[in-house]
1. Kindly evaluate residue 178 against the criterion of being farther than 23 Å from residue 117 by Cα and open to solvent by less than 10 Å² (accessible area, probe 1.4 Å).
2. Applying the selection to the range 245-266, what residues are at pLDDT 95 or above and surrounded by fewer than 16 Cβ atoms within 10 Å (Cβ to Cβ)?
3. Any idea how many residues of the range 314-335 are of a type outside the set (Lys, Arg), open to solvent by 20 Å² or more (accessible area, probe 1.4 Å) and not in a strand (DSSP E or B)?
4. When you check residue 306 against the structure, is it in contact with a Leu (Cβ under 7 Å, 6 or more places away or on another chain) and crowded, with 16+ Cβ neighbours inside 10 Å, yes or no?
5. Out of the residues in the range 267-303 that are out of contact with any Phe, Trp or Tyr (no Cβ under 6 Å at 6 or more places or on another chain), in a helix (DSSP H, G or I) and not hydrophobic (A, V, I, L, M, F, W, C), which is surrounded by the fewest Cβ atoms within 10 Å (Cβ to Cβ)?
6. Inspect the range 116-136 for any residue being out of contact with any Cys (no Cβ under 8 Å at 6 or more places or on another chain), in contact (Cβ under 8 Å) with a residue 40 or more places away in the chain and assigned to a strand (DSSP E or B) and give the result as yes or no.
7. Give me the residue from the range 49-63 that is touching a residue at least 60 places away in the same chain (Cβ under 8 Å) and within 18 Å of residue 223 (Cβ to Cβ) and, out of that set, most open to solvent (accessible area, probe 1.4 Å).
8. Which of the residues spanning the range 174-220 are in contact with a strand residue (DSSP E or B) (Cβ under 6 Å, 6 or more places away or on another chain) and under 21 Å from residue 251 (Cα atoms)?
Amino acid sequence: MQSYQTREMATPLCQPAASHFIDGTFMEDNTGPEILSVNPVNGEIIAKLHGATSAMIEKAIGSANRAQKEWARKEPAERGRVLRRAAEIMRARNRELSVLETHDTGKPISETLVADAASGADCLEYFGAIAATLAGHSIDFGEDWVYTRREPLGVCLGIGAWNYPIQIAAWKAAPALACGNAMIFKPSEVTPLSALKLAEILTEAGLPPGVFNVVQGAGDVGAELATHPAIAKVSLTGSVKTGATVASAAMAGIRPVTMELGGKSALIVFDDADVEAAVSGAILGNFYSAGQICSNGTRVFLQRGIREAFLARLLERVEALKIGDPMDEETGLGPLVSAAHRNRVAAYVARAEVEGAYKATPRRKLPPGDAWHEPVVFTNVADWMTLAQEEVFGPVMAVLDFDDEKDVVSRANATEFGLAAGIFTRDLVRAHRLAAELEAGTVWINAYNLTPAGMAFGGIKRSGIGRENGRAAIDHYTQLKSVFVSMQTYHGKDGRSSKPQTDPTIFHECV
């Protein structure tokens with residue numbers, strides 16, 4: 001494979017006005033460490049930024065603290081209108097945002113046009129629409145009663161991953177802002193650009209300065225923010241290792257966390273499944289975004305009766321995937337996000353062959369550059385193999401065989417992860433039965449990797465804590481306050497009621 005040297009930028013449209021967006025404007029501090037945004041297609045430097053210094057972090061914290069109080073006082077309907085206007089702007093600029101995302105991530109433009117900024121806009125629209133409906137409850141206790149209030153947490157920290165930069169930023173910002181919080185968002189240092197565009201769009205839509213700030217940096221910046229006493233909540237999308245570190249740091253300050261982490265999801269195909277639909281689901285769940293999706297169904301379990309027909313059609317369609325220029329709308333597979341990540345994926349492929357898995361796909365001619373990896377399908381994979389146990393995060397599918405329902409459920413659940421699962425079958429009674437038995441935060445039936453904004457998304461076990469999207473996300477960006485209202489007459493210095501309260505459940509003593 002031809003190697004390349006990182007080249008100076010030839011695409012000035014990607015260079016932002018400055019590295020950070022704080023208090024409604026771009027800010028720069030050249031004393032921070034340099035961050036290079038590199039197009040993985042050819043190693044071209046498309047932007048130069050700087051990581052945040054402690055002084056820049058304090059500016060972001062200060063402006064967010066001030067702005068959050070003002071933002072929380074606005075009517076929820078007004079907050080919703082700002083989010084909906086931002087969604088409209090994002091849709092109007094979808095191609096511009098998609099081109100930027102393709103340059104920064106290497107994902108094909110055919111994907112970024114429909115799955116990145118567009119998904120972010122859907123999320124802003126969804127939470128903009130329900131902002132005015134957020135409410136507490138009234139609970140009757142006879143003459144007395146209680147009402148609850150949903151109140152914002154304060155300044156929330158969002159930490160993004162490099163595979164879906166603008167989508168992740170919007171998925172975190174939308175519920176946080178709808179609930180009256182402010183957010184400081186730190187993108188991955190690998191893909192730092194599109195979150196700045198989201199900040200610009202939110203400001204243009206009417207978001208007050210400081211409510212959504214973007215600061216750049218690596219893990220040290222994330223750690224400084226996550227442990228800052230002004231941060232009320234941390235939401236991270238990333239690896240299990242990073243999630244454990246950030247969650248531990250955040251919880252030391254008794255801060256709530258949302259962690260959307262890795263997966264090793266099972267996609268189960270029964271004998272009675274529609275072969276074409278199941279193959280489509282497997283391709284979407286393994287090779288979309290070059291396999292760099294946490295919820296991917298990378299363990300494809302085939303019931304023996306459908307195995308041969310499924311594999312024949314799968315290999316035919318994988319061979320037809322066009323690998324090449326991500327700006328070509330016919331391209332189906334672009335490079336991985338970096339040469340370093342490509343090497344990590346290649347190491348998993350080599351290990352799978354050593355452990356005895358059969359590489360069913362032939363070698364493919366790849367474009368020049370060090371970030372490219374061909375799509376790979378392994379058959380004869382056993383549950384104990386590394387390929388069936390660890391998250392590869394690349395275009396590599398593991399195919400396993402199974403005989404019956406009980407066997408496959410047990411094996412599908414035999415993992416430390418629990419992000420997602422998929423079932424392909426015409427027997428919907430069986431599908432619903434399995435959906436209840438599979439240990440996963442999301443289960444798709446006769447589909448895969450579809451994530452509408454109204455559907456809660458998140459994992460169990462080591463795949464995460466909390467939920468993003470859907471009404472469930474509101475619980476993770478608000479705190480519930482109970483207000484007890486006594487309708488009895490109080491008098492006297494001792495504060496006793498004129499009517500004795502004899503119900504022992506009225507009182508609670510903290511020891």
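1. On the way: farther than 23 Å from residue 117 by Cα: no; open to solvent by less than 10 Å² (accessible area, probe 1.4 Å): yes.
Spelling it out, it is not the case that residue 178 is farther than 23 Å from residue 117 by Cα and open to solvent by less than 10 Å² (accessible area, probe 1.4 Å).
2. None; the set is empty.
3. So the first thing to find is which residues in the range 314-335 are of a type outside the set (Lys, Arg), and the list is 314-316, 318-321, 323-335.
Now narrow it down to the ones that are open to solvent by 20 Å² or more (accessible area, probe 1.4 Å): 315-316, 319-321, 323, 325, 327-330, 332.
Applying the additional criterion that residues be not in a strand (DSSP E or B) yields 315-316, 319-321, 325, 327-330, 332.
Residues that pass the stated criteria total 11.
4. Details: in contact with a Leu (Cβ under 7 Å, 6 or more places away or on another chain): no; crowded, with 16+ Cβ neighbours inside 10 Å: yes.
Against the criterion (in contact with a Leu (Cβ under 7 Å, 6 or more places away or on another chain) and crowded, with 16+ Cβ neighbours inside 10 Å), residue 306 does not qualify.
5. Only one residue tops the list, namely 276.
6. No, every residue in the range 116-136 fails to be out of contact with any Cys (no Cβ under 8 Å at 6 or more places or on another chain), in contact (Cβ under 8 Å) with a residue 40 or more places away in the chain and assigned to a strand (DSSP E or B).
7. Among those residues, the one meeting the criterion is 54.
8. 176, 181, 182, 183, 184, 185, 186
The values are calculated or read from the model by the stated rules, or taken from the named source; none is laboratory data. In this text the structure is predicted, and so the values were computed from the model without any measurement. Positions of Cβ are backbone-derived with ideal geometry, glycine not excepted, and every protein chain shown enters the neighbour counts. The area values use the complete protein model at the heavy-atom level, side chains included, leaving out ligands, DNA and RNA. Shrake-Rupley method; radii C 1.70, N 1.55, O 1.52, S 1.80 Å.
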